[in-house]
Amino acid sequence: MTKIPLLALVLALAACRTTSNPAAPDDLGTVHVSIYTEGDSTWADVYVDGHFVGNGDMHLPLSPGDHVVRVELEGFEPFERRIHVLPNIQTQDLNVQLDEHGG
């Protein structure tokens, strides 16, 4: 199991913020990403706005606005979804079901 250091995660998330839409910590929304393959939770790679942010299920504090979440796992079709994060929202759920290549 690969774990990303906390500092790397913080730096990656900071890179996801846009300078035209800076958010104070109180304005951040949270997206809870849950990843499944055939009903089981998995440790797929998660990217936000093209930046790697970690593996597996996670809570992502993101600045308000549009973001692209991409989930990749070898042997499975990549998942990509544009989401709109609202300020001051505790949690928005993003359930990701990965399908096998050719399945």
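Computed quantities for the displayed model
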{"quantity": "Test: Val68 is touching an Asp or Glu at 6+ places or on another chain (Cβ under 6 Å), surrounded by 11 or more Cβ atoms within 10 Å (Cβ to Cβ) and among the hydrophobic types (A, V, I, L, M, F, W, C)", "calculated": "yes"}
{"quantity": "Which listed residue, of Asp66, Asp93, is under 11 Å from Val33 (Cβ atoms) and among the acidic types (Asp, Glu)", "calculated": "Asp93"}
{"quantity": "Odd one out for Cys16 among (1) modelled with pLDDT under 50; (2) surrounded by fewer than 17 Cβ atoms within 10 Å (Cβ to Cβ)", "calculated": "(2)"}
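The values are calculated or read from the model by the stated rules, or taken from the named source; none is laboratory data. If you're wondering where the values come from, they're calculated on a predicted model, not measured in any experiment. Using ideal geometry, Cβ is built from the backbone for each residue, glycine included, and neighbour counts are taken over all protein chains shown.
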